[in-house]
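Let me begin by presenting the structure, written as structure tokens, before commenting on it.
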Amino acid sequence: MTKLLITGGAGFIGSNFVHYTVKNKPEYEITVIDKLTYAGNKDSLATILDKITFVEGDICDRELMDTLIKDTDIVVHFAAESHNDNSLREPWPFVETNIIGTYTILEAVRAHGKRLHHISTDEVFGDLELDDPNRFTESTPYNPSSPYSSTKAGSDMLVRAWIRSFGINATISNCSNNYGPYQHIEKFIPRQITNILSDIKPKLYGTGEQVRDWIHVDDHNAAVHLILEKGTLGETYIIGADNDHVNNKMVIELICELMGKGKDWYEHVNDRPGHDLRYAMDSSKLRTELGWEPRYTDNQTGMRDGLLQTIEWYTNNQSWWKADKDSVEASYAKQGQ
Ligand code: NAD
Ligand code: TDX
């Protein structure tokens, strides 16, 4: 058995990764380390808690991370503060977890000679103009806009430096916007689905012309496993499902339609300050070198099947999100959002 330490495994992508690994990769013995911040939820792992070891703790805790990493083979590092809107209200937790937390993991990985895969985002590249046909590649220069994306860029730079200066065995992936089950309802897609389920109109920031290159979380996690199995050490891989023709307005209209509402049953609210316009990812390296393909695709928006599955999950799992709904909406209402 290979020992896998998953940081942030009670969060959205991390918990889906743990489910995916338990189901499809029996060769791994899994330990999750998670601080259980407002974004972490142990209930997301409830059905598989007997198949994993769960440690509640902080990735900034040097002693804890040293002990855990000494006793593992591979670290997959998802833990982060992840929400742009929160980073505009209170940046410090982003600096602490994303930068100091990643540094702490890197030092333990270096001390014990372990393999690391670092999970990152397309937002490190900044944004493109709405009419720019270019896509981000592995060699696009970093140009982050928000406190969130700048701390993710900082964490990627630390990993790159530890690879070059200390020769650690690490890979990095930068993925576009994920959607799927277990995503916190502060985020765009689950916020709108749970709004409709709560009889609240969905909320579109500004004009809704902004483009996010959406990918289903299982497609992201399948790519991460492929990188662990076949990726070249020291390399960065872009992960994206070619949905850069879909803007926020189209997504909100599709959610309204799929949930039986008129396609205009939403309202415009205040825009996000510094709102990135367009993200678009060129994942050819991952596709040609490692043979990855997304499974959630279709001819219309590339999202219909994945959104239907996600809507069904939020409809059938209301106890997972209901308790947070009022406070999330109250906090957005203060910003006119
Ligand atoms: P999330 O906010 O849903 O989950 C983050 C998890 O990390 C939570 O369980 C939280 O409790 C935990 N955590 C936070 N601070 C911690 C700390 N100091 N110590 C230990 N655990 C801590 O985030 P997500 O959307 O699942 O994102 C996971 C990773 O993927 C992040 O690194 C993010 O930057 C990256 N990413 C996210 C997306 C996306 O669309 N959500 C896209 C690309 C990359
Ligand atoms: O209510 C909303 N209405 C709205 O129009 C919310 C919450 C968002 N939006 C817009 C803002 C963005 O253009 O939808 C888009 C997506 O917003 P978020 O879900 O907040 O995601 P984003 O800011 O794009 O960042 C996400 O993808 C990249 C993740 O949160 C990051 O962790 C990841 O790195």
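The values are calculated or read from the model by the stated rules, or taken from the named source; none is laboratory data. All of these numbers come straight from a predicted model, not from anything done at the bench. When we count neighbours, we look across all protein chains shown, and the Cβ atoms used for this are built from the backbone with ideal geometry, even at glycine. Ligands, DNA and RNA are excluded from the accessible area calculation, which covers all protein heavy atoms including side chains. Shrake-Rupley method; radii C 1.70, N 1.55, O 1.52, S 1.80 Å.
Things to note:
- Globularity index of the stretch 243-337 is 1.35 (Cα radius of gyration / 2.2 N^0.38 Å, N = number of residues).
- Heavy-atom accessible surface of the chain: percent carbon and sulfur, 1.4 Å: 47 percent
- Label-point separation in nm, E63 to D50, each point 7 Å along Cα→Cβ: 3.4 nm
- Among the listed pairs K261/K322; K152/K201; K285/K325; K201/K285; K51/K249, those beyond 29 Å (Cα-Cα): K152/K201; K285/K325; K201/K285; K51/K249
- Seen against the Cα atoms of the chain and their longest principal axis, helix 217-230 is set at about 20 degrees.
- Distance between the modelled labels on L130 and T37, one decimal in nanometres: 3.2 nm (7 Å Cα→Cβ projection).
- Contact order relative to length of the chain, as percent, for alpha carbon pairs under 8 angstrom and 6 or more apart: 17 percent
- Backbone N within the stretch 70-94 under 19 Å of label point (7 Å from R272 Cα along the Cβ vector): 79-94
- Label-point gap, in nm, between K25 and K70 - each point 7 angstrom along Cα→Cβ: 2.5 nm
- Each residue of the stretch 311-320 is assigned a 3J(HN,Hα), and the resulting list reads 4, 4, 5, 5, 5, 8, 10, 5, 5, 5 Hz, derived from the Karplus form 6.51 cos²θ - 1.76 cosθ + 1.60 (θ = phi - 60°), x at Gly and Pro.
- For the stretch 102-168, the normalised intensity computed at q = 0.16, 0.20 Å⁻¹ comes to -0.60, -0.82 (log10 of I(q)/I(0), Debye sum over alpha carbons, equal scatterers, no solvent).
- Estimated from the Cβ-Cβ distance and a Förster radius of 30 angstrom, the FRET efficiency linking E90 and K322 is about 0.75.
- Average accessible area per residue (Å²) across the chain - probe 1.4 Å, nucleic acids and ligands excluded: 41 Å²
- Take 209-219, 127-137 and order them by the average number of nearby Cβ atoms within 10 Å per residue, most first; the result is 209-219, 127-137.
- Angle in degrees between helix 188-197 and the longest Cα principal axis of the chain, rounded to the nearest 10: 50 degrees
- The chain: most fluctuating residue of W292, W265, W162 per GNM, C-alpha cutoff 10 Å: W265
- In the distance distribution for the stretch 1-156, Cα-Cα pairs more than 21 Å apart total 47 percent.
- Where the alpha-carbon atoms of the chain are placed on the principal axes, they occupy 56, 43, 37 Å, in descending order.
- Only helices enter this figure: runs of n ≥ 4 DSSP H residues, each worth -39500 (n - 2.57), summed and divided by the residues of the chain, yield -12000 deg cm²/dmol at 222 nm to the nearest 500.
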